[in-house]
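This report concerns only the one structure given below.
The values are calculated or read from the model by the stated rules, or taken from the named source; none is laboratory data. Only a predicted model underlies this, so the values are computations on that prediction, with no experimental measurement involved. Cβ: placed from backbone, ideal geometry, glycine included. Neighbour counts: every protein chain shown.
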Amino acid sequence: MEEKPLSPHVIIFPLPVQGHINSMLKLAELLSLAGLNITFLNSDNNQKRLLRYTDIHARFANYSGFQFRTYSDGLPEDHPRSVDRAWEIIEATNLSGGPFLKELLTDIRPTVSCIIGDGILGFLSDVAKKHKIPLIHFRTASACSFWTYFCIPQLIQAGELPLNGKEGMDRLLTTVPGMEEFLRGRDLPSFCRANDINDGFLQLVMNETVKSSEVDGLLLNTFEDLEGPVLSHIRTKCPNIYTIGPLHLHLQTRLATANGMKPSQSSNSLWEVDKSCMSWLDKQPPQSVIYVSFGILTVFTREQLMEFWYGLVNSKQRFLWVVRPGSVGGDDDSTKKLVEGIKERGYMVGWAPQEEVLAHKAIGGFLTHSGWNSTLESIAAGIPMICWPCLADQQVNSRYVSEVWKIGVDMKDVCDRKIVKKMVNDLMVDRREEFLKSADKFATSARKSISEGGSSWGNLDRLINDIKDMSSQAHSI
């Protein structure tokens, strides 16, 4: 009797921060649906939070080949793990994650067919090479921002970095192919604002980005109709790219296709979700509410909070505002003092079920930090955006929203109540038809890409088949 071949076994290793865990867990579920064995590596700290705030075990109970393994992220228990300490998170994970993965690979069963790892974690390449295991990088940022990472050496060589003050911030850049007509210094990723080209974080991003051209494949949470032109540039460095996004929509579609399973509504959140906002949204007119959320990592000053508050209130538009606990520097009671002034038209929560909110018929716009998960979720829902980026890839994303995709406006480096009021009214009233036309087009393309026969659907199938081939080769050695 012929022995049944073992299902491939994939290790997935994200950087231990919310946005990366969220998208890589969705990938893990997609691969589990296809019958692959998955070992998902999570830090002890984040695993405790997932168990506390989500139904993660119940969701993955249907997949017999799925398991979590946890490791210490090497940081003290009271470390804030916030964006201003991103360098520390990456350094600590590199120090603790490498030895953990090496030890895991010596005794884990079944044999590992492939590692899908976060492209910012440098130790993965060394470990994969030592154990002769194929490595696929998952870059959780947009393709457009990832391409700017690749171009940092040329920017330095051309003297366009460092930026050197306001003149450099506003100057059009000439050395990022495909972006010469619209990319300014201030639109580069935030770490490019360093005054010294030897800055540790800038050097880290440069060095790790190059490694993505040396691995067996590159995964991106995007779709061809959205970022095709910039993807063609990335393919000159990384020829084997799997574009499989929008991941949240792709997962919902595959779940619905597989035995009629109910689409997943879990956000993989490390924060407690307040669903009371959904009842409030149910009572609002269609497309009348602007959703305001600046993600997991953004921290405001009280002055910035007040500028947004006055701008939103003075716009006379309805709004749902997420103000995360700990997001206002030095004053966690700030929001409590503001709630009374917004009861007629506003609602505030500490954290919201974002995918459900953006899909709600009452939502007409999104004031966002332009993180890639949020941007792609908004695009998939056909919701125009006001962008107020803070860090990393967000600066590039916001420029693309306003100047390339034309689905919103870019408010980067400005925090003024009059501008907030104007941009809210531009989005919700004065320029609404203009933005909705573009937003509807990309939402339709997003749905097409993750439907059977679409580009992202096909690329996921190709990824699964390639992993199966890797597994066959591993077992034949």
> In the list ASP410, ASP469, ASP461, which residue meets the criterion of being of a type outside the set (S, T, N, Q) and not assigned by TED's automatic domain parsing to the domain that holds MET169?
Replying inline: ASP410
> Pick from the stretch 81-138 the residues that are of a type in the set (Lys, Arg) and within 19 Å of GLN473 (Cβ to Cβ): which of them is modelled with the lowest pLDDT?
Replying inline: ARG109
>> If I ask for residues that are surrounded by fewer than 18 Cβ atoms within 10 Å (Cβ to Cβ), assigned to a helix (DSSP H, G or I) and either in contact with a helix residue (DSSP H, G or I) (Cβ under 6 Å, 6 or more places away or on another chain) or hydroxyl-bearing (Ser, Thr, Tyr) (or both), which ones from the stretch 169-189 would you list?
In response: MET169
> Does the stretch 446-462 contain any residue that is under 26 Å from the mean Cα position of the chain (by Cα), in a helix (DSSP H, G or I), farther than 16 Å from THR243 by Cβ and modelled with pLDDT of 95 or more?
Replying inline: no
> Only one of (1) farther than 22 Å from PHE13 by Cβ; (2) at pLDDT 95 or above fails for THR222. Which number is that?
Replying inline: (1)
> Restricting attention to the stretch 203-214, does a residue exist that is at pLDDT 95 or above, in a helix (DSSP H, G or I) and within 25 Å of the chain's Cα centre (by Cα)?
Replying inline: no
> Which one of these does VAL414 not meet: (1) surrounded by fewer than 19 Cβ atoms within 10 Å (Cβ to Cβ); (2) touching a Gly at 6+ places or on another chain (Cβ under 6 Å); (3) of a type in the set (A, V, I, L, M)?
Replying inline: (2)
> Is it the case that the stretch 418-430 has a residue that's outside any helix (DSSP H, G or I), at pLDDT 95 or above and surrounded by fewer than 21 Cβ atoms within 10 Å (Cβ to Cβ)?
Replying inline: no
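Yes/no matrix, rows are residues, columns are (1) hydrophobic (A, V, I, L, M, F, W, C); (2) under 17 Å from the mean Cα position of the chain (by Cα):
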site	(1), (2)
PRO189	no, yes
GLY200	no, no
ASP216	no, no
PHE223	yes, yes
HIS233	no, no
THR236	no, no
THR243	no, yes
HIS250	no, yes
ALA256	yes, no
>> Only one of ILE379, ILE383 is at pLDDT 95 or above, outside any helix (DSSP H, G or I) and of a type in the set (A, V, I, L, M). Can you tell me which?
In response: ILE383
> Within the set of pairs 6 or more residues apart or between chains, which connect a residue that is within 19 Å of ASP426 (Cβ to Cβ) inside the stretch 352-380 to a residue that is among the hydroxyl-bearing types (Ser, Thr, Tyr) and assigned to a strand (DSSP E or B) with Cβ atoms less than 6 Å apart?
Replying inline: ILE363/TYR291; PHE366/TYR291
> Pairs under 6 Å by beta carbon, first residue closer than 17 Å to ARG186 by Cβ in the stretch 133-158, partner at pLDDT 95 or above and in a strand (DSSP E or B), six or more apart or different chains?
Replying inline: none
> So, in the stretch 269-307, of the ones that are under 24 Å from the mean Cα position of the chain (by Cα) and among the aromatic types (Phe, Trp, Tyr), which residue ends up farthest from PHE435 (Cα to Cα)?
Replying inline: TRP271
> Going by the conditions given, is LEU219 buried (at least 20 other Cβ atoms within 10 Å of the Cβ), touching a strand residue (DSSP E or B) at 6+ places or on another chain (Cβ under 6 Å), not small (Gly, Ala, Ser) and not in a helix (DSSP H, G or I)?
Replying inline: yes
> Can you find a residue in the stretch 367-377 that is of a type outside the set (Phe, Trp, Tyr) and surrounded by fewer than 20 Cβ atoms within 10 Å (Cβ to Cβ)?
Replying inline: no
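Residues checked against (1) farther than 30 Å from ILE464 by Cα; (2) of a type outside the set (Phe, Trp, Tyr):
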| position | (1), (2) |
| --- | --- |
| PHE150 | no, no |
| ILE156 | yes, yes |
| ASP170 | yes, yes |
| LEU188 | yes, yes |
| PHE191 | yes, no |
| ALA194 | yes, yes |
| PHE201 | yes, no |
> Mind checking which pairs have a first residue in the stretch 41-61 that is of a type in the set (D, E, K, R) and a second that is crowded, with 17+ Cβ neighbours inside 10 Å, Cβ under 8 Å, 6 or more apart or different chains?
Replying inline: ASP44/TYR71; ASP44/ASP73; ARG49/LEU270; ARG49/TRP271; ASP55/SER266; ARG59/GLU29; ARG59/SER264; ARG59/SER266
> Does LEU163 fit the bill of being assigned to a helix (DSSP H, G or I), of a type in the set (A, V, I, L, M) and over 18 Å from VAL230 (Cβ atoms)?
Replying inline: no
>> Any residue that is at pLDDT 95 or above and either in a helix (DSSP H, G or I) or assigned by TED's automatic domain parsing to the domain that holds ASN397 (or both) - is there at least one of those in the stretch 235-244?
In response: no
>> Please go through (1) surrounded by fewer than 22 Cβ atoms within 10 Å (Cβ to Cβ); (2) touching a helix residue (DSSP H, G or I) at 6+ places or on another chain (Cβ under 6 Å); (3) at pLDDT 90 or above for LYS316 and return the number of the only condition it doesn't satisfy.
In response: (2)
> Is it the case that ASN465 is free of Cβ contacts under 8 Å to residues at least 24 places away in the same chain, surrounded by fewer than 19 Cβ atoms within 10 Å (Cβ to Cβ) and not β-branched (Val, Ile, Thr)?
Replying inline: yes
